[in-house]
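The numbers here are math on the coordinates, done by the rules we state, and not lab data. Worth saying up front: this structure is predicted, and the values here are computed from it rather than measured. Positions of Cβ are generated from backbone atoms using ideal geometry, with glycine treated the same way; all protein chains shown enter the neighbour counts.
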Amino acid sequence: MCGIVGYIGKRNAYPILIKGLKRLEYRGYDSAGIALLNSKNELNVYKTKGKVSNLEHFAKDKDCNGTIGIAHTRWATHGEPNQINAHPHYSESKNIALIHNGIIENYADLKENLTRKGIHFQSNTDTEVIVQLIEYLLQKNDTDLLTAVQLALSHVVGAYAIAVIDRNNPDVIVAARKSSPLVVGIGDDEFFIASDASPIVEYTKKMVFIDNEEVAYIKRGEELKIVNLNNVEIKPEIEEVMLDIGQLEKGGYEHFMLKEIFEQPACIENCMKGRVNIAHDSIKLSALIDFHDKLVGAKRIIILACGTSWHSGMIGKYLFETYCKIPVEVEYASEFRYRSNVVGENDVVIAVSQSGETADTLAAVELAKEKGAFVYGICNSVGSSIPRATHTGSYIHVGPEIGVASTKAFSGQVTVLVMLALALAKSKNAISDKDYFEIIAELAKIPEKMKKVLQMNEKIADLAKIFTYAHNFIYLGRGYCFPVALEGALKLKEISYIHAEGYPAAEMKHGPIALIDDEMPVVVIATQNALYEKVVSNMQEVKARKGRIIALISEGDEKIKDIANFCIEVPQTLECLEPLITTIPLQLLAYHIAVCKGKNVDQPRNLAKSVTVE
Ligand code: F6R
């Protein structure tokens, strides 16, 4: 949530910062701003409500010179999204400007103290207290900018990634983080800072991921210096970050979401590369090799995640319990961290997160570690906080996901969970050879089957036109396809703003059936698996109440064609792999309904991609 970007070097900062903000807009897009320090030592701050394009328009005829600058795209937490609350925020003297991603929990106390000292606040944000506090401490202690930032941060409770520039230190950016991501890119006599690698990677591959409570002191013409809040110097660990710029563009698609839906076959292949060996019928996950005893010895698995990642965690539960015979609990990270949970040394916790930055999941990981659990991360964003906080893990390798609604990450997460469950089951001797080999062989066929599903895009677009004006939707599934129903409903509500509920199909008669009438669209995942007949009965119950059934059926299923109003045929696969096939039509349905309604598919209202606040 909120994207921050900064530059110091020889070039004009403005175009780099604007481009960077556009790359980070998925993190928040309710207002944007920029601060530039020009050669006359003037600190110009421009801010607007709305998207980065508004800021660009606003700054068109302004002085946008300066080889040092910071910029921000906001997802509001404290204070409504307007120009005043947009970042950067000035200090009282207007000598210092600051951008921030995170939440300052004790801002009210700090603000009260500073107000009593005669400092005037301009905005309703929590952020402004940091810049006011920095300036206050700078003056009170007659100290330097770095020390003032360290001191100020030691008073702050909460999460932050900040960057500060100061007219009295025109060759310096000070940046720091705690629980919100921050990366520094090292170029040739120039430095970049950002919330993630995407705005930096076209200028340099050399990056330093800043750790919690570390401060980066970035001075023109000097090496990057990293210190902690007590001023102990830390050697920067420079990493080579490989990111294909093409993955950050729409590549001819109208929206990132559509591009990412269509990327899924290739993503899954990438995810399996070097891990699934068809010739030898085997699966190799390095984490399982390195931590074999810990994982094989697990008495219980606890899967922690939020949103879509929680849905893939549910599929993980079915997989681990079926094939590894290990009891599994799947919990919302936000619930887990605030209840008196029972976690111990014999538990393996699996944290699932696309961004690797979700605040609740990260906090739950830390908590589980404190209690002695072994923690395995399943993440997409390389170098993000969760993979760094976990003992081991597997990246899903699906490439950057930019559309706010998660699509290809879900498929990647499910694929890793399948591979992990199979490899673990094999190590425990808990799976029959027949099942093991059959699933591996079928897994390898999934990309081709996904391509077949994607060929139905036009048909699904036509179907979407019929349901554009529905006010509610129900999604039903059973077994492995129950989480798919939840995911289908989530996709629809987040991008089309239609109210949608996912249920286990049999649960419907315990309440939700009361909602069914001839205006209620009911999406039923009714593929030919062990629960097929049961789902057909559930569908009959909907039909009897005149619900309008959209059924996802196995290719060639004639029986359901007589019951459902509309059918989408998908290739048959093994039951445990069905989510990889059946989720795609639901993603497409949600996408096309949102497009028909004229909604902003990639940046739905109120949402942001990376939920770095709890
Ligand atoms: C839904 C969606 C969210 C995320 C959730 C967790 O389309 O994108 O529900 O799945 O915020 O995010 P990660 O996976 O980054 O931890």
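Structure summary
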{"quantity": "Kirkwood Rh, Cα atoms: Rg over Rh of the stretch 414-533", "calculated": "1.05"}
{"quantity": "Charge context of Val365, other residues only, Cβ under 13 angstrom, K/R +1, D/E -1", "calculated": "-2"}
{"quantity": "Kirkwood Rh in Å, taken over the stretch 516-614 so that all alpha-carbon pairs contribute", "calculated": "15.2"}
{"quantity": "Filter on Lys452/Lys597; Lys371/Lys434; Lys459/Lys493; Lys206/Lys426 - keep pairs with C-alpha separation over 30 Å", "calculated": "Lys371/Lys434; Lys206/Lys426"}
{"quantity": "In Hz, Karplus ³J(HN,Hα) per residue of the stretch 287-304 (6.51, -1.76, 1.60; θ = phi - 60°; x = Gly, Pro)", "calculated": "4, 6, 6, 5, 10, 3, 5, 4, 6, 5, x, 4, 8, 7, 10, 10, 9, 10"}
{"quantity": "Estimated dipole of the stretch 518-614 in Debye, rounded to 20 [Cβ of Lys and Arg +1, of Asp and Glu -1, Cα centre]", "calculated": "460"}
{"quantity": "Distance between the stretch 172-245 and the stretch 443-476 - C-alpha centres, whole angstrom", "calculated": "42"}
{"quantity": "Dimensionless Rg/Rh of the chain - Kirkwood Rh, Rg from C-alpha atoms", "calculated": "1.00"}
{"quantity": "Pairs of Cα atoms farther than 17 Å apart, the stretch 374-477, %", "calculated": "70"}
{"quantity": "Normalised per residue, the volume of the convex hull around the Cα set of the stretch 3-243 (Å³)", "calculated": "107"}
{"quantity": "Distance between the stretch 405-424 and the stretch 68-97 - C-alpha centres, whole angstrom", "calculated": "39"}
{"quantity": "Spherically averaged projected area in nm², based on the convex hull that wraps the Cα atoms of the stretch 78-129", "calculated": "3.4"}
{"quantity": "Quarter of Cα convex hull surface for the stretch 249-453, i.e. mean projection, nm²", "calculated": "11.1"}
{"quantity": "For the stretch 256-354, Kirkwood radius (reciprocal of mean inverse C-alpha pair distance, Å)", "calculated": "15.5"}
